[in-house]
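Structure first, commentary second.
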Amino acid sequence: MARRPGRFAVVFVFITVFIDMVGFGLVMPVLPRLIEQVSGSNLAGASIWGGWLFFAYGGMQFLFGPAIGNLSDAFGRRPVLLLSVFGLAVDYLLTGFAPSMMWLFVGRIFAGICGASYTTANAFLADITPPAERAKVFGLMGAAFGLGFVIGPAIGGLLGEFGPRVPFFVAAGLSILNFVYGWFVLPETLAPENRRGFSLARSNPVGALKVFAQYRGVVPLSAIMFLYFFATAVYPAIWAFWGIAAFGWTEATVGLTLAAFGLVTAVVQGGLTGPIVKWLGERNTAVFGLVMAVVAAVGYGLAPGLWVVLILIVIHAPEGFVHPALTAMMSHAAPEDAQGEIQGGIASLQSIGMLLGTVIFTQVFGLFLSPGATVTSTGAAFFLAAAMLVGTLVFFLLLKKQDAVTPP
């Protein structure tokens, strides 16, 4: 039976997303060292392996994101969220004990499947939030992501000093504790009369994208969302490798820069998304975020050192408005019994963007650092991302205002 969630249940949902992001973030500072240890590659080779590991992660999110969303529409949010949290604990243990590249891939595959719980978390929040307030709530969800990016890289960077595997065991413990917490406090929020039968057709990762065509104004927004995800995949793809190659950063420095970015993002996205959307509207908020994303990407490509990077992290933070603003615009078009499906479609877009972006950007990064490169550049991938973001911004500005979905 569905019932109104209490404060502790909502906290559990945010903690779940937070721990998802902790696990994703802690991989980043230790990934170069872990890949070098497991594969015997140098930094250039490790960056290529890293791209394919992210490919495996994004591929699983793409394949399973729609299924997870549809399962939550059919059977409720509670069982799907709890299973995802438990699965993440298993994944962290698999990765922590991985003796070879094959097992690292197994861990990333399992993480991609369980990480698709983000779709159910969003659907949970959509169940309990009035349409006009969803941008603010999705902004808070983004803040949970940001906080995960504070804790995750910090754990990965600092505990990585004791070995690149140690952070994964810590993350496994956190996931187990969150599972126990959620078991006791998480209610079901999707009433039986609002559920619908599970459909394999709706769970098709490509077919799931058809949901966007069912609602007015969502297709162009979904294209913009995809381009945005593709371009911003540059950061998880190359940040650690870029920091080491360009500035000689240690794992701790990589972790601390990512933590600084997560902290600024959490403060800006969690605290300012609601007021900014209320002031500018969802459309103008997304435009502002895209402009700042372009400035930041160019800046990273030209940055001469750590202090400039830290300044750029502050400038970069408003990019965090883009995702919640676009997500809110798209959610307004769907009925209450399709929120999980819409969020599953968005998760598929994000996964495809990550799938393609991480591979492309790691290849570009490696190409411009290879011994035979005509032009050597550690920032080439950032310049490519900036060009894509400019195209995304122009596309969004060319949309007719009446085609943008607004709160009912």
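Would you confirm, using the coordinates I've provided, whether Ala126 is of a type outside the set (Lys, Arg), at pLDDT 70 or above, in a helix (DSSP H, G or I) and crowded, with 20+ Cβ neighbours inside 10 Å?
Numbers: of a type outside the set (Lys, Arg): yes; at pLDDT 70 or above: yes; in a helix (DSSP H, G or I): yes; crowded, with 20+ Cβ neighbours inside 10 Å: yes.
Yes.
For segment 380-403, which residues satisfy the criterion of being surrounded by 14 or more Cβ atoms within 10 Å (Cβ to Cβ) and either at pLDDT below 90 or of a type in the set (Val, Ile, Thr) (or both)?
If the condition is that a residue be surrounded by 14 or more Cβ atoms within 10 Å (Cβ to Cβ) and either at pLDDT below 90 or of a type in the set (Val, Ile, Thr) (or both), then Val390, Thr392, Phe395, Phe396, Leu399 are the ones that fit.
Which is farther than 19 Å from Ala89 by Cα and modelled with pLDDT under 85, of Gly182, Gly197? Explain how you work it out, then say what you get.
Working: Gly182 fails: farther than 19 Å from Ala89 by Cα.
Among Gly182, Gly197, only Gly197 is farther than 19 Å from Ala89 by Cα and modelled with pLDDT under 85.
Starting from residues that are buried (at least 24 other Cβ atoms within 10 Å of the Cβ) and among the small types (Gly, Ala, Ser), keep the ones in segment 260-288 and report whichever is nearest to Arg33 (Cα to Cα).
Going through the qualifying residues, I end up with Gly262.
Specify which of the listed residues (Leu63, Leu83) is in contact (Cβ under 8 Å) with a residue 60 or more places away in the chain, in a helix (DSSP H, G or I) and either surrounded by fewer than 22 Cβ atoms within 10 Å (Cβ to Cβ) or among the β-branched types (Val, Ile, Thr) (or both). Full working, then the answer.
Details: Leu83 fails: in contact (Cβ under 8 Å) with a residue 60 or more places away in the chain.
Exactly one of Leu63, Leu83 is in contact (Cβ under 8 Å) with a residue 60 or more places away in the chain, in a helix (DSSP H, G or I) and either surrounded by fewer than 22 Cβ atoms within 10 Å (Cβ to Cβ) or among the β-branched types (Val, Ile, Thr) (or both), namely Leu63.
Out of Tyr57, Tyr92, report the one residue that is on the phi < 0 side of the Ramachandran plot, of a type in the set (Ser, Thr, Tyr) and either in a loop (DSSP other than H, G, I, E, B) or under 16 Å from the mean Cα position of the chain (by Cα) (or both). Let's see the steps before the verdict.
Numbers: Tyr92 fails: either in a loop (DSSP other than H, G, I, E, B) or under 16 Å from the mean Cα position of the chain (by Cα) (or both).
One residue alone meets the criteria, Tyr57.
Applying the selection to segment 289-314, what residues are crowded, with 17+ Cβ neighbours inside 10 Å and not in a helix (DSSP H, G or I)?
Within segment 289-314, Ala303 is the sole residue that qualifies.
Which numbered condition in (1) among the small types (Gly, Ala, Ser); (2) at pLDDT 80 or above; (3) farther than 25 Å from Ile15 by Cα is the only one that Ala44 fails?
With respect to (1) among the small types (Gly, Ala, Ser); (2) at pLDDT 80 or above; (3) farther than 25 Å from Ile15 by Cα, Ala44 is out only on (2).
Would you confirm, using the coordinates I've provided, whether Phe241 is in contact (Cβ under 8 Å) with a residue 24 or more places away in the chain, out of contact with any Leu (no Cβ under 8 Å at 6 or more places or on another chain) and among the aromatic types (Phe, Trp, Tyr)? Steps first, please.
Working: in contact (Cβ under 8 Å) with a residue 24 or more places away in the chain: yes; out of contact with any Leu (no Cβ under 8 Å at 6 or more places or on another chain): no; among the aromatic types (Phe, Trp, Tyr): yes.
The answer is no for Phe241.
Go through segment 346-372 and give me each residue that's at pLDDT 85 or above and within 14 Å of Gly58 (Cβ to Cβ). Working first, answer last.
Filtering segment 346-372 down to residues at pLDDT 85 or above leaves 356-365, 368.
Listed by number, the residues that qualify are Leu356, Gly357, Thr358, Val359, Ile360, Phe361, Thr362.
Quick check: anything in segment 17-24 aromatic (Phe, Trp, Tyr), within 20 Å of Ala172 (Cα to Cα) and in contact (Cβ under 8 Å) with a residue 60 or more places away in the chain?
Of segment 17-24, the ones aromatic (Phe, Trp, Tyr) are 18, 24.
Retained after the next criterion (residues that are within 20 Å of Ala172 (Cα to Cα)): 18, 24.
Of the ones still in play, those that are also in contact (Cβ under 8 Å) with a residue 60 or more places away in the chain are 18, 24.
Yes: segment 17-24 contains one or more residues that are aromatic (Phe, Trp, Tyr), within 20 Å of Ala172 (Cα to Cα) and in contact (Cβ under 8 Å) with a residue 60 or more places away in the chain.
Which of the residues spanning segment 97-110 are within 15 Å of Arg165 (Cβ to Cβ) and either surrounded by 19 or more Cβ atoms within 10 Å (Cβ to Cβ) or in contact with a strand residue (DSSP E or B) (Cβ under 9 Å, 6 or more places away or on another chain) (or both)?
Result: Ala98, Leu104, Gly107, Arg108.
Looking at Arg77, Arg33, which one is touching an Asp or Glu at 6+ places or on another chain (Cβ under 7 Å) and surrounded by 22 or more Cβ atoms within 10 Å (Cβ to Cβ)? Before you say what the answer is, go through the steps one by one.
On the way: Arg33 fails: surrounded by 22 or more Cβ atoms within 10 Å (Cβ to Cβ).
That would be Arg77, the only listed residue that is touching an Asp or Glu at 6+ places or on another chain (Cβ under 7 Å) and surrounded by 22 or more Cβ atoms within 10 Å (Cβ to Cβ).
Need the failing condition index for Ile224 against (1) surrounded by fewer than 20 Cβ atoms within 10 Å (Cβ to Cβ); (2) under 16 Å from His323 (Cα atoms); (3) not small (Gly, Ala, Ser), just the number.
(1)
Since Glu251 meets every condition but one in (1) buried (at least 24 other Cβ atoms within 10 Å of the Cβ); (2) modelled with pLDDT of 85 or more; (3) over 17 Å from the mean Cα position of the chain (by Cα), which condition does it not meet?
It fails just one condition, (2).
Every residue in segment 58-90 that is farther than 26 Å from Ala233 by Cα and among the hydrophobic types (A, V, I, L, M, F, W, C), please.
Leu71, Ala74, Phe75, Val80, Leu82, Leu83, Phe86, listed by residue number.
The values are calculated or read from the model by the stated rules, or taken from the named source; none is laboratory data. A quick note: this is a predicted structure, and the numbers were derived from the prediction, not measured. Reconstructed Cβ throughout: ideal geometry from the backbone, glycine too, with neighbour counts over all protein chains shown.
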